[in-house]
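Enquirer: Got a structure for you, questions after.
The values are calculated or read from the model by the stated rules, or taken from the named source; none is laboratory data. Here the structure is a predicted model, which is why all the values come from computation and not from measurement. Using ideal geometry, Cβ is built from the backbone for each residue, glycine included, and neighbour counts are taken over all protein chains shown. Please note that ligands, DNA and RNA were not included when accessible areas were found on the heavy atoms of the full protein model with its side chains. Shrake-Rupley method; radii C 1.70, N 1.55, O 1.52, S 1.80 Å.
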Amino acid sequence: MSDTIQTLPVEETPSLDTLKELYSHQHRDCWLCKSYSDKLTAGKELKEEELWHFSHCVMSWELVNHDKSVEASEEMEKAA
């Protein structure tokens, strides 16, 4: 296992508003993300480790769902 942590370059990191919007459309159970989303909605700031979890968890979920939708589209095209 690598000792380095992969992070998104600053120019690729979505804004908090974008992260909140993405999270609001995701139907999943992550109690940490729920807590952080509620905190942001209340106008509070996230600590560095909270922001790290929220951004990586939300974006990972988006990537997984994007990959699934691409696979489903490809399967539908093959079936047609």
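Enquirer: Please list, ordered by first then second residue, the pairs with beta carbon atoms under 9 Å, 6 or more apart or interchain, first in segment 52-78 and closer than 18 Å to Cys30 by Cβ, second at pLDDT below 70.
Expert: Trp52/Thr7; Ser55/Leu8; His56/Thr7; His56/Leu8; Met59/Leu8
Enquirer: Considering only residues that are modelled with pLDDT of 85 or more, part of a helix (DSSP H, G or I) and loosely packed, with under 13 Cβ neighbours inside 10 Å, which ones fall in segment 1-20? Steps first, answer last, please.
Expert: If we filter segment 1-20 for residues that are modelled with pLDDT of 85 or more, which is where we start, we get 14-20.
The next check asks that each one be part of a helix (DSSP H, G or I); those that pass are 16-20.
Within segment 1-20, Asp17 is the sole residue that qualifies.
Enquirer: Taking the condition of being open to solvent by 70 Å² or more (accessible area, probe 1.4 Å), closer than 21 Å to Glu12 by Cβ and either in a loop (DSSP other than H, G, I, E, B) or at pLDDT below 95 (or both), how many residues in segment 25-51 meet it?
Expert: Here the count works out to 1.
Enquirer: Turning to a different aspect of this structure: Considering only residues of segment 54-73 that are small (Gly, Ala, Ser) and modelled with pLDDT of 90 or more, which is most open to solvent (accessible area, probe 1.4 Å)?
Expert: Taking segment 54-73 as the starting set, the residues that turn out to be small (Gly, Ala, Ser) are 55, 60, 69, 72-73.
Still in the running and modelled with pLDDT of 90 or more: 55, 60.
Numbers: Ser55: 14, Ser60: 63 Å².
Only one residue tops the list, namely Ser60.
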